[in-house]
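**Student:** Could you have a look at this structure, given as structure tokens, before my questions?
The values are calculated or read from the model by the stated rules, or taken from the named source; none is laboratory data. None of the values given here were measured: they were computed from a predicted structure. In this analysis, Cβ positions are derived from the backbone assuming ideal geometry, glycine residues included, and neighbour counts consider all displayed protein chains. Please note that ligands, DNA and RNA were not included when accessible areas were found on the heavy atoms of the full protein model with its side chains. Shrake-Rupley method; radii C 1.70, N 1.55, O 1.52, S 1.80 Å.
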Amino acid sequence: MSHALHEHREHAREAVRRPRLEAASGLRDNYFGTRVPSRFGLPDPSTLLLNLARCVVEVLAGVRGLDQLSRWVTDDVYRHLLKRVVLASRARQVTGGTVRRPQLTVGEPRITYPREDAIEAVVVVHQRSRSRAVAIRLESFEGRWRASAINVL
């Protein structure tokens, strides 16, 4: 086989392979073409993850208002946390519990990157009586991170 024919076939294979690789890696948008991965250019998520974990535990304890988190969470997460706040408040009323600021120690987040524009992390929050894992999914939104899922385990 001639060298020119071999180069032509390699070029044709690469032309077919490249769009599949870009689509699989999330680097190609069908409407706008190739794009730069969203994670690049966004701030480091570690600080936000630590603060969100601390704030969510404080919201559930009743010492912080849920409205303070509204800028950093999606509407679905806000509604989910609102249900949890109402349930925790009712439980405190039934048991006669008081609202006290919890003594917290927040561990380092464990971060994974399932997509270029998303982060999934777990932050362990230690209290005197127990430790809780706070699972958080952040997605890029208008140049910043926003939580699209938060679960306290």
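To keep it simple, each residue is scored yes or no on (1) surrounded by 11 or more Cβ atoms within 10 Å (Cβ to Cβ); (2) without any contact (Cβ under 8 Å) to a residue 24 or more places away in the chain; (3) touching a strand residue (DSSP E or B) at 6+ places or on another chain (Cβ under 7 Å); (4) not polar (S, T, N, Q).
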{"position": "Ala88", "(1), (2), (3), (4)": "yes, no, no, yes"}
{"position": "Thr95", "(1), (2), (3), (4)": "no, yes, no, no"}
{"position": "Arg110", "(1), (2), (3), (4)": "yes, yes, yes, yes"}
{"position": "Ala121", "(1), (2), (3), (4)": "yes, no, yes, yes"}
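**Student:** Looking at segment 101-145 only, could you name the residues that are closer than 21 Å to Asp75 by Cβ and in a loop (DSSP other than H, G, I, E, B)?
**Tutor:** Asp117, Glu142, Gly143
**Student:** Next question, about the same structure. Please work out which residue is modelled with the highest pLDDT, limiting yourself to segment 97-107 and to residues that are polar (S, T, N, Q) and open to solvent by less than 100 Å² (accessible area, probe 1.4 Å). If you could, list the steps in order and put the result at the bottom.
**Tutor:** From segment 97-107, those polar (S, T, N, Q) are 98, 103, 105; that's our starting set.
From the residues that got through so far, the ones that are open to solvent by less than 100 Å² (accessible area, probe 1.4 Å) too are 98, 105.
Working: Thr98: 81, Thr105: 95.
Looking at the filtered set, the residue picked out is Thr105.
**Student:** In segment 128-140, which residue that is in contact (Cβ under 8 Å) with a residue 40 or more places away in the chain and over 14 Å from Thr112 (Cβ atoms) is surrounded by the most Cβ atoms within 10 Å (Cβ to Cβ)?
**Tutor:** For segment 128-140, the residue satisfying everything is Val134.
**Student:** Checking the structure you have, find out if any residue of segment 62-73 is in contact (Cβ under 8 Å) with a residue 24 or more places away in the chain, closer than 19 Å to Phe141 by Cα and either small (Gly, Ala, Ser) or assigned to a strand (DSSP E or B) (or both).
**Tutor:** Yes: segment 62-73 contains one or more residues that are in contact (Cβ under 8 Å) with a residue 24 or more places away in the chain, closer than 19 Å to Phe141 by Cα and either small (Gly, Ala, Ser) or assigned to a strand (DSSP E or B) (or both).
**Student:** Would you please name the residue that is farthest from Arg101 (Cα to Cα), looking only at residues in segment 129-150 that are among the hydroxyl-bearing types (Ser, Thr, Tyr) and under 14 Å from the mean Cα position of the chain (by Cα)?
**Tutor:** By that ranking, first place goes to Ser140.
**Student:** To continue, here is another question. Would you check if there is a residue in segment 57-72 being buried (at least 17 other Cβ atoms within 10 Å of the Cβ) and of a type in the set (Val, Ile, Thr)?
**Tutor:** Scanning segment 57-72 turns up at least one residue that is buried (at least 17 other Cβ atoms within 10 Å of the Cβ) and of a type in the set (Val, Ile, Thr).
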